[in-house]
Amino acid sequence: MFNGFHKDKDTETIHRFMHHFKPRPRQSDLRPSEIMVLMMIARTTEQNKSSPFPSQISKALNLSRPAITPILNQLEKMGYIIRQFDPIDRRKTRIVIQAKAMDAFMANCSMYQKQIDLLKDQMKEDFDMMLILMEKANTLLSNQPKENTDEESI
């Protein structure tokens, strides 16, 4: 595609892994960025027993509010979410996931789980080491200053 884009084998390997592990809906009207937002909303709702605010979504996905807003608008247009005023502070809006979205979310979780199960099965004890190293990398990268805070997509 771009000649010389991958400067070394390490970069190419990491890029290929990320490409294989990103959400790719097979029979869905959702884009990968929309799936990631739905997955975050569903997880937050389940863990906290309340629907998240847009600011929580943007923080959890490490995206700016301007990057999250069009995704939420599209999900609302498709009927996957609704916006509701927070009963405690009516200036705030909560994002409420709908049953239709839960079906799409579960289908994509199944896809992810199959990928994870394949890695666990084929890699055995190396899988645990991979998780430890990925967690170290996540910690290191999450502590880095952002160069571009207005990312367009996930």
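The values are calculated or read from the model by the stated rules, or taken from the named source; none is laboratory data. Computed from a predicted model, the values in this text were never measured in an experiment. Methodologically, a virtual Cβ is constructed for each residue, glycine included, from the backbone with ideal geometry; neighbour enumeration extends over all protein chains shown.
Numbers below:
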{"quantity": "Any hit, the range 11-22, residues being touching a Lys or Arg at 6+ places or on another chain (Cβ under 7 Å), at pLDDT 70 or above and not polar (S, T, N, Q)", "calculated": "no"}
{"quantity": "Enumerated helices (runs of 4 or more DSSP H) restricted to the range 24-128, each holding at least 2 residues that are touching a residue at least 60 places away in the same chain (Cβ under 8 Å) and at negative phi", "calculated": "32-48, 65-77, 99-123"}
{"quantity": "Residue in the range 38-55 that is surrounded by the most Cβ atoms within 10 Å (Cβ to Cβ), counting only those that are hydrophobic (A, V, I, L, M, F, W, C) and closer than 17 Å to LYS92 by Cβ", "calculated": "ILE41"}
{"quantity": "Which listed residue is in contact with a Ser or Thr (Cβ under 6 Å, 6 or more places away or on another chain), surrounded by 16 or more Cβ atoms within 10 Å (Cβ to Cβ) and aliphatic (A, V, I, L, M), from ILE68, ILE35", "calculated": "ILE68"}
{"quantity": "Close pairs (8 angstrom Cβ cut-off, 6 or more residues apart or separate chains): in a helix (DSSP H, G or I) in the range 1-14, at pLDDT below 65 and surrounded by 10 or more Cβ atoms within 10 Å (Cβ to Cβ) anywhere", "calculated": "GLU12/HIS6"}
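Yes or no, residue by residue, for (1) hydrophobic (A, V, I, L, M, F, W, C); (2) at pLDDT 85 or above; (3) closer than 25 Å to ARG31 by Cα:
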| residue | (1), (2), (3) |
| --- | --- |
| ALA67 | yes, yes, yes |
| LYS77 | no, yes, yes |
| GLN84 | no, yes, yes |
| PRO87 | no, yes, no |
| THR93 | no, yes, yes |
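Here is a yes/no grid of residues against (1) at pLDDT 90 or above; (2) of a type in the set (Asp, Glu):
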site	(1), (2)
GLN56	yes, no
SER64	no, no
ARG90	no, no
SER110	no, no
GLU125	no, yes
ASN143	no, no
